[in-house]
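Each remark here refers to the structure printed beneath this line.
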Amino acid sequence: MLSRVNPSTLIGVVAGLVMMILVLVFAAEEPAAFINLPGLAIVIGGTLAATFISYPLREVLRVSRLVGIVFRNERMYSRDDIDELVRMARLWSRGNIRNVEAELENTHNPFLRTGVQLVIDGSSQNEILDLLQWRIARLKAREHAEAQVFRTMASFAPAFGMIGTLVGLINMMFLLGDGDLVDIGQQMGVALLTTFYGILLANLVFKPIAVKLERRTEERVTLMNMVLEGITLMAERRNPVLIRETLKSFMAHYPDELREQSAVPVEGKDP
Amino acid sequence: MLSRVNPSTLIGVVAGLVMMILVLVFAAEEPAAFINLPGLAIVIGGTLAATFISYPLREVLRVSRLVGIVFRNERMYSRDDIDELVRMARLWSRGNIRNVEAELENTHNPFLRTGVQLVIDGSSQNEILDLLQWRIARLKAREHAEAQVFRTMASFAPAFGMIGTLVGLINMMFLLGDGDLVDIGQQMGVALLTTFYGILLANLVFKPIAVKLERRTEERVTLMNMVLEGITLMAERRNPVLIRETLKSFMAHYPDELREQSAVPVEGKDP
Amino acid sequence: MLSRVNPSTLIGVVAGLVMMILVLVFAAEEPAAFINLPGLAIVIGGTLAATFISYPLREVLRVSRLVGIVFRNERMYSRDDIDELVRMARLWSRGNIRNVEAELENTHNPFLRTGVQLVIDGSSQNEILDLLQWRIARLKAREHAEAQVFRTMASFAPAFGMIGTLVGLINMMFLLGDGDLVDIGQQMGVALLTTFYGILLANLVFKPIAVKLERRTEERVTLMNMVLEGITLMAERRNPVLIRETLKSFMAHYPDELREQSAVPVEGKDP
Amino acid sequence: MLSRVNPSTLIGVVAGLVMMILVLVFAAEEPAAFINLPGLAIVIGGTLAATFISYPLREVLRVSRLVGIVFRNERMYSRDDIDELVRMARLWSRGNIRNVEAELENTHNPFLRTGVQLVIDGSSQNEILDLLQWRIARLKAREHAEAQVFRTMASFAPAFGMIGTLVGLINMMFLLGDGDLVDIGQQMGVALLTTFYGILLANLVFKPIAVKLERRTEERVTLMNMVLEGITLMAERRNPVLIRETLKSFMAHYPDELREQSAVPVEGKDP
Amino acid sequence: MLSRVNPSTLIGVVAGLVMMILVLVFAAEEPAAFINLPGLAIVIGGTLAATFISYPLREVLRVSRLVGIVFRNERMYSRDDIDELVRMARLWSRGNIRNVEAELENTHNPFLRTGVQLVIDGSSQNEILDLLQWRIARLKAREHAEAQVFRTMASFAPAFGMIGTLVGLINMMFLLGDGDLVDIGQQMGVALLTTFYGILLANLVFKPIAVKLERRTEERVTLMNMVLEGITLMAERRNPVLIRETLKSFMAHYPDELREQSAVPVEGKDP
């Protein structure tokens, strides 16, 4: 239950840093030349400015907290959720509403809690489906929009990198008459730096974060659909054993769905 | 209810301006060289010309008014709308049609007003759904088309920037024989300026406006769907208390839908 | 009812021409150098060749007639159509089939005519829906395909522009040894011209036409859906007054659907 | 019924060839320089290698036969199909199953044949719909995948063109010290050739083929949907005259669906 | 049943290698110059780093095993599956549940096994459809996500290639003053190498793998839908002969669906 560091992100970040450091130390003539504050200011400042104009303030702030998620090792508690649901379905099938309510208070999954609450309140199956599907749709829409913020930033960063390079090149053009090749070369090196920053930021920061958030949303929606299925079965007052079996076979996955040597399914492990 | 300035847009615009000024003042040899009227004319003129050919006149004019929206701090009145709807549902459940009509005149949300009007006119539930869903679909289509205008402009601007650069480069090529490197450099600097203008306009103006309009439409459609749900419940003559509870749970959002420490939902705040 | 010139297209075309002329006259050293027939031949010839291979002959010919539409000021006759539909619904509700048929002959909208014909022939509501929706779907598919032709041309033009530039650059490379910078510069200027032509054609001609056709299709489909709704109501033998009211509220649009100062809707104006 | 050459493809190919020859003969200094076998080998070899890795062998082979389709003048036999269907519907309505079966053997359209076979075998309407819609879906999926092969090739060709150019440029860089501008120019000319080949192949061969196949699929699916409609009516034992009328009005198209001077529809011509 | 090498992949890989070797041996001045370890490290290291940040660890590991699939000659056992299904349907129609269970243990297709198990357990048809469609949807989602990993890598590789080139160019700029053209040329050659690596990796490795996985998923889903159809018929206790005929006609494909010379369908061959 402890929120460890995401091993994959750690490997990626360390590999990315090691690569950049090695490249700069071994290949670059003057590693210090790769740090240029005005250039960084154009790329980061421009990307942030465009992002602030694009999105409402509260959305930019909420999204900035999401960066942490990429570093956290998110667990999906599909097995715990199945256990809790089955436990409550059993109490419920025995008409033990008070115990279900006690159990509900210990439930950490608000989606599951809302669903069971609706069942024990005696809502019609249609109303339960309506509300829970609306909740899934809203989570999907909101998290998709959040990932989209990073996709947008990943498209702004190289554009402002190019804007910096153009500023540098235009400046350089006015030096061209002086004929000092050393100056021109250094100006042009600085000009290219901003494009370098922009592409690096987009491909090593913004795009990977966007992809990770999108994958996470897909997994969460799968889990919510499984819970929704379980709630539906519970509302139909099905046998708790059958609910467990059904949910398990929903989460089971086979190394290969279509042609297997061994016939034993791998049980749905919590990733 | 007062229409303040959108804080996010303000931060973005100020940050963008500060960045550009700093860059030009500190990094540029001749800041004045970054202002080139024929270059600006090519980029802005070309983008506008292509936009006028692409869209009907009334659409270009309507869209130009939308720029203001990006600067306004749009409020969603979801809580007010829920209150009004519940109030009218209560009057309606008491058979108090005259009072509902009086209430209707003070309603600021035309979508809500149309819905309640249909209910008290005794339209069938199908007709109500038909008309309201058509209205949602049209709003979605119209606002999507409006955001699309800015997306189109964001693709025209860099293209005309490049056209300007090509004109500059072609001119420069006919100077090449004169061998005057100062002239050639300045010509080329001017040529690159139009690409700079084009990319800047696209990424700091057109694309952010398009993104903001798209996000706004999503939020408005969510709100309209909530109102639609409430109207449906009212047409079914459901208990006003239940209507309020249902709409509230529709708008409630949890910091995390799937795993929470605290079990208290955050009530749907008006953004 | 007279088919005037589309004001928006006119403004766009004039603005585009003025811009290009000003640029060439004021900025270019030798305006004549911007006209290069072999270059134009590569871009236009190549784009047309690729378009002819991509599409059947009859489609290319039909599409070439569509260019005129962009210059015409298309009117949507939504109010006329509502009036005609309501007039025929009134005759029909009085059992006056002969008069409906007389009215039908003066109907300028074939879609409306087909629909009313089906109603007075006594087709089942399912059959009417089937045929009219198929007609809408086909119109959508055909007009989408037509706009797609221009989108395809907008992607071919810059590609053949670049092909021309590559041909020019390759030729130039074989001149490089002669060392005559004037020749080389002029060759390269000519080489860049074809890219200039390609981008200009794509962004000032093909893409705007595609966008305008797509917008037009959207409006036509909206109108057809309104007529379809009216025909359905007529087939249900609804009151003509109700049909008029329903269609009017379908076409009404509010400056803002969600928060208005004034409560008076703007009636659906014929654009 | 004779399979003539597609006039549009012919025009396109001839125009493309004439354009390329004129360009090379008139504009190029040394037309022979535009033929470079190693360069062609990189572009074509690389594109084919990537295509073979991307697709199963049987798919690459099947697709290579599709190139011929682009040159063939495909006819759609919508009127023949309507006639056959109506003829069989008439025999079927007279209970003349043996004659229907005799007629079936002369049917050239396997989709129509399967449908009629299912009807005279007395399959339920659900089963007929199921199987025919599955067939339409599979045809759509398969032909979409085939067009996709050419789209993929159209994206590989410029990439391998650029790979060739990079190889050439890298080679050239090691000649830079020798200072022989003639050699360097020629090397660079050769380097640019592969990009030229790649863009030309993509835009004059692969992309047009993909577009033509996609358009063809759309038309075929429209035709199959019409046949499906006819089969459904036949299974409902509708009047053959009504079937003919319905199918005709499905295929009829109006120059303009929404506003016509003349009221006479153009009958669905076989393209 | 033996897992041979995929002939298409083999041809592609051999062709790609032969092409690259020929190009380097014949065209390159110094083939050895095309191997640059720091450059390779930037491209491969950067791509892997970005991929690790983008995806969870277990997904990266699972996907790396998929590379083997591209080299394997995957067979679809559609005919075996039809035979097994029909055999079990026959036993089942004779009420011979024990024999069906014995047969089930020899079934190599877990999807088919699950379906038949549900049928003989007496699950309702709705439950069977629910679970099997969920399984198809999950397989589709998971395999789509896997192919997406390679698509993402195909977009990272050229980006890191360009990053390497920018590092090289920036380094070179600081050498510009030394004026040694040999050094500059070699530095620039090395700089271009990373772009070369990036584009080559993307177009000869990552993109083809992604395409092959996507095509494979489509075929697998088609097969699963066929099995699903068969299970549905079996649950309806249809005649085993009819099941075989239906499934066969589902898998049959005609060289051309719409116009054939010969009327004999080609039976669904196992690819």
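The values are calculated or read from the model by the stated rules, or taken from the named source; none is laboratory data. The structure presented is a predicted model; accordingly, all values stated were derived computationally and were not measured. FYI the Cβ positions are ideal-geometry reconstructions off the backbone, even for glycines, and counts take in every protein chain you see.
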Point to revise | Residue selected from the stretch D:80-128 under the condition small (Gly, Ala, Ser) and outside any loop (DSSP other than H, G, I, E, B), by the criterion nearest to the chain's Cα centre (by Cα) | key: D:Gly115
Review point. So which of C:Glu260, C:Glu214, C:Glu219 is modelled with pLDDT of 90 or more and surrounded by fewer than 21 Cβ atoms within 10 Å (Cβ to Cβ)?
Key: C:Glu214
Review point. Under 8 Å by Cβ, and 6 or more places apart or on different chains, what pairs join a residue from the stretch D:138-153 that is in a helix (DSSP H, G or I) with one that is of a type in the set (A, V, I, L, M, F, W, C) and at pLDDT below 90?
Key: D:Glu146/D:Val63; D:Glu146/D:Leu66; D:Val149/D:Val60; D:Val149/D:Val63; D:Phe150/D:Val63
Point to revise | Residue in the stretch E:194-206 that is within 9 Å of chain A (Cβ to nearest Cβ) and either touching a Gly at 6+ places or on another chain (Cβ under 9 Å) or part of a helix (DSSP H, G or I) (or both) present | key: no
Exercise for review: Output yes when any residue across the stretch A:11-34 is more than 9 Å from chain E (Cβ to nearest Cβ) and modelled with pLDDT of 90 or more, and no when none is.
Suggested key: no
Exercise for review: Using the structure shown, decide if A:Leu17 is more than 29 Å from the chain's Cα centre (by Cα) and within 30 Å of E:Met188 (Cα to Cα).
Suggested key: no
Study note, to complete from the structure: Here the residues within the stretch A:225-257 that are surrounded by fewer than 14 Cβ atoms within 10 Å (Cβ to Cβ) and at pLDDT below 70 are A:Pro255
**Study point:** Residues being more than 9 Å from chain C (Cβ to nearest Cβ), surrounded by 15 or more Cβ atoms within 10 Å (Cβ to Cβ) and acidic (Asp, Glu) - total across the stretch B:98-130
**Key:** 1
Practice item. Please enumerate the residues belonging to the stretch B:42-79 that are modelled with pLDDT of 85 or more and either of a type in the set (Asp, Glu) or over 30 Å from B:Ala157 (Cα atoms) (or both). Key: B:Glu59
**Study point:** Single residue of the stretch A:131-171 satisfying the filter (more than 8 Å from chain B (Cβ to nearest Cβ) and over 18 Å from the mean Cα position of the chain (by Cα)) that is surrounded by the fewest Cβ atoms within 10 Å (Cβ to Cβ)
**Key:** A:Gln133
Check your understanding: If you go through the stretch A:50-64 one residue at a time, how many are in contact (Cβ under 8 Å) with a residue 60 or more places away in the chain and within 10 Å of chain B (Cβ to nearest Cβ)?
Key -> 7
Practice item. For C:Val43, indicate whether it is within 13 Å of chain D (Cβ to nearest Cβ), closer than 30 Å to B:Ile53 by Cα, among the aliphatic types (A, V, I, L, M) and touching a Ser or Thr at 6+ places or on another chain (Cβ under 8 Å). Key: yes
**Study point:** Filter pass, D:Val67 being of a type in the set (A, V, I, L, M, F, W, C), more than 10 Å from every other protein chain (Cβ to nearest Cβ) and crowded, with 19+ Cβ neighbours inside 10 Å
**Key:** no
Practice item. Could you run through the stretch A:1-10 and say how many residues are at pLDDT 75 or above and either part of a helix (DSSP H, G or I) or more than 8 Å from chain E (Cβ to nearest Cβ) (or both)? Key: 5
